[in-house]
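Okay, structure first, notes after.
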Amino acid sequence: MNSKEKDFWEPVIGLEVHVQLNTKSKIFSSAPNRFGDEPNTNISEVCTGQPGALPVINQEAVKKAVQFGLSIDSEISLLSTFDRKSYFYPDSPRNFQITQFEHPIIIGGMVVADVGGESKEFAVKEAHLEDDAGMLKHFPSFAGVDYNRAGVPLLEIVSQPVIRTAKEAVAYVMAIKSIMEYLDASDCNMEEGSLRVDANISVRPKGETTLRARAEIKNMNSFSLLEMTIDSEINRQIRIYTANPHEDFNKLIQPGTYRWDPEKKETILMRKKESAEDYRYFPEPDLPPLIITKDYVASIKKVMPELPHERYKRYLEEYKFSEYSASILINDKNLSDYFEQAYKVHPNAHALCNWITVEFAGKLKEKGETLLSLGISATHVAKLVKMIDDQTITGKIAKTVADDMIAFPDKDPEEIVKSNPDYMPLNDVDVIEGIVDQVVKENPQSVEDYKKGKKKAFAFLVGQVMRHTKGKANPQIVNDLLQKKIK
Ligand code: MN
């Protein structure tokens, strides 16, 4: 798409984000809500739709829904209802999903997301509780169905069609993921399917106020797939409209469910549009309306955990972090908690942030590991920083100690340093002076340059001394001696 086309067309994207809530039991029965177990072990009569089995709402799921609603400033419905959404497929032996169609528990609200460093607000239409379906598994000669997932509580968060780019869509979903993690309402493990995204995508000329035919793409479970698919679908629709300027635009885009084809690298039509009528929604007769009180909502509001945007603000004020550093930490709740643990041991916020998000992250990136995945404790990282601040080791040696910590994730860095005489800093002024004299003698040009005002030449000379001492010389002593010798 060229920039002229980009200026002419406006993509309209609405997202439905399905988040599995991490309650102990399922939404309508006491069967365990657990991923990864043997197929069909976490099931009850309700999950498998036995005749006469009656659903009972899980209070914990309601609580997590309300917490989410409060965190995005939604209206919490004091009365919401459940409906049956009929469809035929072996993943649901009842032939319907229990959802909230007419009166959802969460209405409205605003998700604040960081889009390329800029904070943007995205309006939410509603969020409703529903049950997840089972899963079909395909084997060489047959297919099986696992009902362990049937009845897992889902909160489906429906945005208004206010998202305009694939990047905005990713930022919006990331913000929801982050809120869920801070609430401890979901593990949001996208690979395991606990956060899945459906996107409704259409395109219209800028200024047009009605919506054109849309493509729906279901069940995207990674950020890269989400971004790629949305971009590709936007471009496909623009291509079709642009190539057929004289056709009735209503006939150009086939509304329906599309999927990403990894071979063609584009979205292809799976099935034509089904409308709400096709699902024959009707009120669920086995569940009474869900009634919650204002006092209940107030009691949840009182004990809300710190939310990502609140922690972000605190990091800017309390630690004077840059917006960039603060967002790297808070976007990953586990990493942010890790930083806080380390800070309790050694309160040098900036150095800790640098070691966690830059030094270690850089060293571990290639291996596809993180401090958390390797099990290096926050206390150990704090001790490493403390040793630099105490001048027990130099910053240069600290990098080598960090390599050792990665090689032996359980080892205490203090032990690593104690057991290796090479890591001790060189503080002996006489020894360092000898090396400084030698470096000054060997680099007359740099000495001249420095005297003429070239600051870089001084750094070069310091570097030479450090090289001769394998990074162990106390930098303060080196600086003082060099300055004395060549002023
Ligand atoms: Mn749904």
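Yes or no, residue by residue, for (1) in the same structural domain as I393 (by TED's automatic domain parsing); (2) at pLDDT 90 or above; (3) hydrophobic (A, V, I, L, M, F, W, C); (4) surrounded by 12 or more Cβ atoms within 10 Å (Cβ to Cβ):
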residue	(1), (2), (3), (4)
Q438	no, yes, no, yes
N443	no, yes, no, yes
K455	no, no, no, no
F460	no, yes, yes, yes
M466	no, no, yes, yes
T469	no, no, no, yes
K472	no, no, no, yes
Q476	no, no, no, no
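Could you say whether any residue in region 98-120 is within 26 Å of P289 (Cβ to Cβ), open to solvent by less than 60 Å² (accessible area, probe 1.4 Å) and polar (S, T, N, Q)?
Looking only at region 98-120, we keep the residues that are within 26 Å of P289 (Cβ to Cβ), and these are 98-109.
Next, only the ones that are open to solvent by less than 60 Å² (accessible area, probe 1.4 Å) stay: 98-100, 104-106, 108-109.
Cutting the leftovers down to polar (S, T, N, Q) gives us 99-100.
Yes: region 98-120 contains one or more residues that are within 26 Å of P289 (Cβ to Cβ), open to solvent by less than 60 Å² (accessible area, probe 1.4 Å) and polar (S, T, N, Q).
I need the full set of residues from region 160-182 which are more than 18 Å from G69 (Cβ to Cβ) and either part of a helix (DSSP H, G or I) or open to solvent by less than 10 Å² (accessible area, probe 1.4 Å) (or both), in order please. Explain how you work it out, then say what you get.
Within region 160-182, the subset more than 18 Å from G69 (Cβ to Cβ) is 161-171, 174.
Within region 160-182, I163, A166, K167, E168, A169, V170, A171, M174 qualify.
Among all positions in region 69-78, there is no residue which is within 16 Å of the ligand (Cβ to nearest atom) and not in a loop (DSSP other than H, G, I, E, B).
Return the only residue of K365, K344, K333 being open to solvent by 10 Å² or more (accessible area, probe 1.4 Å), closer than 17 Å to D404 by Cα and not assigned by TED's automatic domain parsing to the domain that holds M174. Reasoning before the result, please.
Numbers: K344 fails: closer than 17 Å to D404 by Cα; K333 fails: closer than 17 Å to D404 by Cα.
That would be K365, the only listed residue that is open to solvent by 10 Å² or more (accessible area, probe 1.4 Å), closer than 17 Å to D404 by Cα and not assigned by TED's automatic domain parsing to the domain that holds M174.
In region 359-393, the qualifying residues are those that are charged (D, E, K, R) and assigned to a loop (DSSP other than H, G, I, E, B), and the one that is nearest to N474 (Cα to Cα) is D390. When you scan region 49-57, do you find a residue that is more than 12 Å from A150 (Cβ to Cβ), open to solvent by less than 70 Å² (accessible area, probe 1.4 Å), within 16 Å of the ligand (Cβ to nearest atom) and within 32 Å of the chain's Cα centre (by Cα), even just one? No.
The residues in region 19-45 that are within 16 Å of the ligand (Cβ to nearest atom), out of contact with any Pro (no Cβ under 6 Å at 6 or more places or on another chain) and either among the aromatic types (F, W, Y) or open to solvent by 20 Å² or more (accessible area, probe 1.4 Å) (or both) can be counted, and the count is 1. A single member of L129, L136 is over 22 Å from D83 (Cα atoms), in contact (Cβ under 8 Å) with a residue 24 or more places away in the chain and touching a Pro at 6+ places or on another chain (Cβ under 7 Å), and it is L136. In the condition set (1) away from the ligand (no atom under 14 Å from the Cβ); (2) assigned to a loop (DSSP other than H, G, I, E, B); (3) not basic (K, R), A133 is compliant with all but (1). Here I157 passes the criteria (1) assigned to a loop (DSSP other than H, G, I, E, B); (2) surrounded by 19 or more Cβ atoms within 10 Å (Cβ to Cβ); (3) within 16 Å of the ligand (Cβ to nearest atom) except the one numbered (1). Could you list, ordered by first residue, the pairs with Cβ atoms under 7 Å in which the first is in region 220-238 and of a type in the set (K, R) and the second is open to solvent by less than 40 Å² (accessible area, probe 1.4 Å), at least 6 apart or interchain? From residues that are of a type in the set (K, R), the pairs are R236/T267.
Taking the conditions (1) touching a Ser or Thr at 6+ places or on another chain (Cβ under 8 Å); (2) on the phi > 0 side of the Ramachandran plot in turn, G207 satisfies each one other than (1).
Of the residues making up region 81-103, those that are closer than 26 Å to I300 by Cβ and within 15 Å of the ligand (Cβ to nearest atom) are F82, D83, I98, T99, Q100, F101, E102. Considering the conditions (1) open to solvent by less than 30 Å² (accessible area, probe 1.4 Å); (2) assigned to a loop (DSSP other than H, G, I, E, B), P11 is excluded by exactly one of them, (2).
What residue, among those in region 1-18 that are away from the ligand (no atom under 16 Å from the Cβ) and not hydrophobic (A, V, I, L, M, F, W, C), is farthest from K177 (Cα to Cα)?
Selected residue: K4.
I'm checking my understanding of the structure. Among residues of region 176-212 that are acidic (D, E) and touching a Leu at 6+ places or on another chain (Cβ under 9 Å), which one is farthest from the ligand (Cβ to nearest atom)?
Residues of region 176-212 that are acidic (D, E), as a first pass: 181, 184, 187, 191-192, 198, 208.
Checking which are touching a Leu at 6+ places or on another chain (Cβ under 9 Å) leaves us with 187, 198.
Details: D187: 19, D198: 8 Å.
Here the residue is D187.
Note on region 267-321: residues that are open to solvent by 60 Å² or more (accessible area, probe 1.4 Å), outside any helix (DSSP H, G or I) and without any contact (Cβ under 8 Å) to a residue 60 or more places away in the chain amount to 9.
Yes/no matrix, rows are residues, columns are (1) touching a strand residue (DSSP E or B) at 6+ places or on another chain (Cβ under 7 Å); (2) in the same structural domain as P90 (by TED's automatic domain parsing); (3) within 14 Å of M110 (Cα to Cα); (4) modelled with pLDDT under 95:
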| position | (1), (2), (3), (4) |
| --- | --- |
| K125 | yes, yes, yes, no |
| H128 | yes, yes, no, no |
| D132 | yes, yes, no, no |
| A143 | yes, yes, no, yes |
| D146 | yes, yes, no, no |
| V158 | yes, yes, yes, no |
| V162 | yes, yes, yes, no |
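Looking across region 136-151 at every residue that is in a strand (DSSP E or B) and open to solvent by less than 30 Å² (accessible area, probe 1.4 Å), the one that is farthest from the ligand (Cβ to nearest atom) is identified as G144.
When the residues of region 64-95 are filtered to those that are of a type outside the set (G, A, S) and within 16 Å of S29 (Cα to Cα), which remaining residue is surrounded by the most Cβ atoms within 10 Å (Cβ to Cβ)? Quick ask: steps written out before the conclusion?
Keep residues of region 64-95 that are of a type outside the set (G, A, S), which gives 64, 66-68, 70, 72-73, 75-76, 78-79, 81-85, 87-91, 93-95.
After this cut, where a residue has to be within 16 Å of S29 (Cα to Cα) as well, the list is 82, 93-94.
Details: F82: 26, P93: 15, R94: 19.
Top of the filtered list is F82.
The values are calculated or read from the model by the stated rules, or taken from the named source; none is laboratory data. Note that this is a predicted model, so its numbers are computed, not measured. Neighbour counts are summed over all protein chains in view; Cβ atoms, including those assigned to glycine, are modelled from backbone coordinates with ideal geometry. Note: areas computed on protein heavy atoms with side chains; ligands, DNA, RNA excluded. Shrake-Rupley method; radii C 1.70, N 1.55, O 1.52, S 1.80 Å.
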